[in-house]
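Structure, as structure tokens:
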Amino acid sequence: MSKIDRVLRSNLKLRHLQLLVALDQFRHLGRAAEFLAVTQPAVSKTLAEVERMLGMALFERSTRGTEPTAAGVSMVRFARSVLAGFERTRDEMAAEASGARGRTSVGAMVVATPVLLARAVERLKARSDQTTVMVEEGDLARLLPKLRLGELDLFVGRLEPGYAAPDLETEALYDDPMVAVVRPGHALLAPGAASWQALAGQPCVLPPPWASLRVKLEQQFYAHGLHPPVDIVETASFLSQLTFVHQRGAVAFMARGVARCHAALGTLAMLDLAVPIDLPPVGLITLRGQPLTPTTGLLLQCLREVAGELG
């Protein structure tokens, strides 16, 4: 057994792993010490202990703080993965001890939350009401690293082809096209009032410039011989979309399923306007080769059932 094998298998303790993650998060010995509720000399001593065991430097110290070395990046990734497994096991055992029936963690995009995930969780709860579902909202760039580290059990959202990878198992469930929405009572809801020309002169809420959807929306205006709106707010936040739709009377674009849910609640209204944008399907992503817990497997079954009804 090599020295590194021996350290990883036998010598490292949870406090060592927690220290590495804290140093990576704060990039400063003092702030990491404050977070861990220990002294700064204790942090320095523990880091030196880990580096001595491995025989290599994990963090570069300077007056500006700490930066992980290449070996440090690998160790931090290992530490996050181990701690995620520890926390999952702890939560599952605590749930069993309290009479609950398991726990699962889901990363979700807005497009899937009110339409697919909420109905699947309702169905899961009908079968196991004491099961706990933790939902973390975000986009693929934010959630996939957490899935890979084991901090999430699965992802639900649009399957952007640019994020496909050999370590990910993807499953398309259904298509959900884009629609334009406004606040109830908006002038564009009058018969025949909604058109791309009318939208070009309205305040609009659009995705950030780096988002592929932003480019596709602007292309729709150009296709109709128009310039995109100039009175815009750029955001990837659904809450910000709702806020500016209501407070500024802006037009926003979102998945039809999400818009229908909010139209039923009376918070949004869909414009009678085709938005012919090619979008990836809504689906699931899990980590290839990673066994699913019984709770996650049951939630996957519920997601597929609901998707079949939506499809």
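The values are calculated or read from the model by the stated rules, or taken from the named source; none is laboratory data. Source: prediction; values computed, not measured. Note that each Cβ is placed from the backbone with ideal geometry, even for glycine, and that neighbours are counted across all protein chains shown. These area figures cover heavy atoms from the full protein model, side chains too; ligands, DNA and RNA do not enter into them. Shrake-Rupley method; radii C 1.70, N 1.55, O 1.52, S 1.80 Å.
Values as computed for the structure displayed
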read-out	value
Pairs of Lys in the chain closer than 23 Å at Cα, counting only those 8 or more apart or on different chains	4
Cα long-axis angle, helix 294-310 against the chain (0 to 90 degrees, to the nearest 10)	10 degrees
1.4 Å probe accessible area per residue over the chain, in Å²	51 Å²
Heavy atoms of CYS261: accessible area, 1.4 Å probe, square angstrom to 10	40 Å²
Cα centre as origin, Lys/Arg/Asp/Glu Cβ charges: the range 178-270 dipole, Debye	220 debye
Using alpha-carbon coordinates, inclination of helix 238-247 to the longest axis of the chain, degrees	40 degrees
Spatial separation of Cα centroids for the range 162-210 and the range 20-60, in angstrom	46 Å
Selected from GLU169, GLU137, GLU60 as most flexible by GNM, with the chain as the system and alpha-carbon contacts under 10 Å	GLU60
Residue (of TYR222, ALA198, LEU168) at the positive-pole extreme of the range 163-266, dipole from beta-carbon charges	ALA198
Residue among LEU159, LEU36, LEU189 with the largest mean-square fluctuation in a Gaussian network model of the chain, springs linking Cα atoms under 10 Å	LEU36
Cα-centred dipole magnitude for the range 5-142, charges only on beta-carbon of K, R (+1) and D, E (-1), debye, nearest 20	200 debye
Accessible heavy-atom area order of ILE4, ILE285, highest first, probe of 1.4 Å	ILE4, ILE285
Accessible-area value, TRP196, 1.4 Å probe, nucleic acids and ligands omitted, Å²	10 Å²
Rounded to the nearest 10 Å², the accessible area of PHE244 at probe 1.4 Å	60 Å²
Most to least accessible of VAL215, VAL275 (protein chains only, probe 1.4 Å)	VAL215, VAL275
Proportion of all alpha-carbon pairs of the range 3-80 beyond 17 Å (%)	36 percent
Carbon plus sulfur fraction of accessible area for the chain, probe 1.4 Å, in percent	54 percent
Contour excess over end-to-end distance, with Cα ends at GLU122 and SER10 and 0.36 nm allotted per residue	36.0 nm
Lys, Arg +1 and Asp, Glu -1 on Cβ, resulting dipole of the chain about Cα centre, debye, nearest 20	900 debye
Diffusion constant of the chain at 20 °C, which comes from Stokes-Einstein with the Kirkwood Cα-pair radius and 1.002 mPa s, µm²/s	95 µm²/s
Residue order for HIS28, HIS186 - accessible surface, 1.4 angstrom probe, largest first	HIS28, HIS186
